[in-house]
Structure formats: structure tokens, C-alpha cells
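Please read the structure below before turning to the comments.
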């Protein structure tokens, strides 16, 4: 039953961020959707069953305070298309910049809370942790906490945004990335859509591994909570679960 306290904490943070004062910590949730293969046809011809379609991915970053999901439209050939630490970190970095540039973030907001699913490689990797440590070192935030939801219990607000896209998708034939983008754009007024070409795809692994290291004995998969503080810029504090004693 370890998943229940983690999910309750996630819901409590979302509610507190939405209902609290503007000075409350920023809270973002990020996740990939299942990829779609194009063309997507309501009545698919039999011969297309044996053809590999064009991959179209979606990545979401939900801002609890703004009640907006940044939906990244990622057609094959227009982004690195690897779903690696570099790709996830580049989109999280872009979303945080968008959040700051929107004017919604106040000067008092120096605390950042993040939630993600427990997918190793994509979200749960050393380079994302090092990126967040880098943000603290660069004084973008004074405190960052990253929670990973327990595997098998990872439904979040990004999934709700993806669900609206899927509902819209069931009504139309989609032949090309342009058609797909139109379906996504018309799926919800609460989503903010981002083109892959708007993202600066940075090789974060090359940048960060020059400055950070970790013990070979550290087992990343055992932990679900990671905390970064400006007062301890060289360290990351970890817990197996949020209910564990600090």
C-alpha cells in the first residue's frame, strides 16, 4: 500500500497549489503519452496493418498553479526522437522558461515541486537530477523537490490532457502531422501547445557530466523523493518514500 500515501501527497500538492496564494511553490507534473502512428484512420485498410506508420509523440508538462498543460507536439523527424534524459530535460527546461516568461511566476516563488512517473531512463535518471541541482546552483530556485509516483499508480494531470486528445482523435481520420496538430489544438482550450521546433534540444548529458558525479554504490531505483537546496549545493537528499523519516 505504499502507493496510496504517495498519490495522496500528489493530490494534496496539486490542490494546495491551485487554491493557495500566488506565493505558493510552483508545481509541475511531466509525462510522455503513448505514441500515435500516422496515418490514423477510423476504418483502416487491411494492407496498412503491415506498414510502419510515422511516429507522433506527445509530452506534457502540467502547471498546477496555472491549470494549464504544456503539450509538446513531437512528429518524427522534427525532434531527437529518443525519449532520453536529454529530450525530457530539454522540454522541462523549456516549460520552466515558459512559466517564468508568462509573468505568472512571482519573485517570491523560489520553491519548485515536481512530479513524474517512475519510468527509468526517460524521467528517472541521473542527468535529470543533475539538471535540477544545476538550477539550484544557478539560483533559479532555492529549493526543489522531485517526487516519482510509485510504478503502477502514476495517473496524473498530463494523462487527462492526453485523454482529451485521444477523444478528439477518435472522431477524425488523420493523414499527416499537420492534421494531427489540428486535432491536438482543438482538443482542449486548457492546453498550451508547443512545437518541437520551439525547443532548444540541448545535450545535457555532455554538459552536466563534467561537473557532477555519483557513487557507484548509489541505487537510483530504490528512491522516490529527491530534494535540492541552495544551502547544500553539492548534495542531493533522497528518501525511499515521502513517508520515511528525513
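Using the structure shown, decide if residue 103 is surrounded by fewer than 15 Cβ atoms within 10 Å (Cβ to Cβ) and either free of Cβ contacts under 8 Å to residues at least 40 places away in the same chain or touching a strand residue (DSSP E or B) at 6+ places or on another chain (Cβ under 8 Å) (or both). Yes, satisfied.
Per the listing 234, 200, the residue uniquely without any contact (Cβ under 8 Å) to a residue 40 or more places away in the chain and farther than 26 Å from residue 151 by Cβ is 234.
Taken over the range 113-125, residues that are touching a helix residue (DSSP H, G or I) at 6+ places or on another chain (Cβ under 8 Å) and either part of a loop (DSSP other than H, G, I, E, B) or buried (at least 18 other Cβ atoms within 10 Å of the Cβ) (or both) amount to 8.
Close Cβ contacts (under 6 Å, 6 or more residues apart or on different chains) running from residues in the range 147-162 that are under 12 Å from residue 224 (Cα atoms) to residues that are modelled with pLDDT of 90 or more and surrounded by fewer than 20 Cβ atoms within 10 Å (Cβ to Cβ) comprise 147/225.
Does residue 46 fit the bill of being over 21 Å from residue 117 (Cα atoms) and at pLDDT 90 or above? So residue 46 does not fit the description; no.
Of the residues in the range 6-21, none is within 14 Å of residue 95 (Cα to Cα) and modelled with pLDDT of 85 or more. The sole residue among 113, 86, 191 that is touching a residue at least 40 places away in the same chain (Cβ under 8 Å) and closer than 20 Å to residue 224 by Cβ is 113. Listed here are the helices (runs of 4 or more DSSP H) enclosed by the range 127-238 that have at least 1 residues being touching a strand residue (DSSP E or B) at 6+ places or on another chain (Cβ under 8 Å) and modelled with pLDDT of 90 or more: 157-169, 177-185.
The values are calculated or read from the model by the stated rules, or taken from the named source; none is laboratory data. All values derive from a computational prediction rather than experimental measurement. Using ideal geometry, Cβ is built from the backbone for each residue, glycine included, and neighbour counts are taken over all protein chains shown.
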